[in-house]
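Take a look at the structure below.
Readers should treat all values here as calculations from the given coordinates under stated rules, not as data from a laboratory. Being a predicted model, the structure only gives us computed values, none of them experimental. Cβ coordinates were reconstructed from backbone atoms using ideal geometry, including for glycine residues, and neighbour counts include every protein chain displayed.
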Amino acid sequence: MLRALATWFAKWKYILNKETEAGMHTWSARVSEQNAKATRELIVQLKKDADELDARIKHVAEMEEKGFWLCENGHEKNEAFVQESIDDPTRRCLECKAPTKFIKRSEMTGQEQYESDKERKDVEKLLAGRRQEITDKETEAGQQDATAKYFRTQAESSRRLADSIRNL
């Protein structure tokens, strides 16, 4: 009698362990899926930032060719600066009233052109790094999806085994 009771208890304990294991695998799969989703959302933001940075690089190069006014506080304008008086030849920013400087590539000194090119190359390196980060994140998201699939398979396997034991 004791042996039969022990065997019955062992069977149900084994089934419970397999169902518990299946539940843990299901939760692990959900966590991996959630991480993959968060990674994909980050990828979208990183791509948006990289595209904006790329557009900014092209815009600045175009502005340098055409020429633009830059105030001390960083406001960039084509022609929105004014002279306060005839006696003061300094043009001032309409937004902050800071003095401005006209910037045009053809009027830059060799040193200024060198610094401009260096800044552009630095930003292009930064952009390349961001593009590489995007590629790495896409790989990471794929790995998280594969992990979720693995855990789902393990959960299903544990449930099948529990069902088989239950049917004995």
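Some observations on this one:
- Volume of the Cα convex hull of the chain, divided per residue and given in Å³: 153 Å³
- Within the shell defined by Cβ-Cβ distances under 14 Å, the residues around GLU19 carry a net charge of +3, with Lys and Arg each +1 and Asp and Glu each -1.
- Full extension of the chain segment joining ALA38 with LYS125 gains 28.7 nm, where the gain is 0.36 nm per residue of separation less the Cα-Cα distance.
- Inter-centroid distance (Cα atoms) of segment 61-75 relative to segment 31-52, Å: 33 Å
- Cβ crowding within 10 Å, taken as a proxy for footprinting-reagent exposure, orders LYS101, LYS18 from fewest neighbours to most as LYS101, LYS18.
- Taking 0.36 nm per residue of separation and subtracting the Cα-Cα distance, full extension of the segment from TRP27 to GLU72 would add 10.7 nm.
- For the residue pairs LYS77/LYS101; LYS77/LYS104; LYS47/LYS77; LYS77/LYS97, alpha carbon separations beyond 18 Å are given by LYS47/LYS77.
- For segment 117-160, Kirkwood radius (reciprocal of mean inverse C-alpha pair distance, Å): 13.0 Å
- Proximal charge balance of ARG166 [Cβ under 11 Å; K/R count +1, D/E count -1]: +2
- Counted charge near THR153, where neighbours are those whose Cβ lies closer than 12 Å (Asp, Glu -1; Lys, Arg +1): +3
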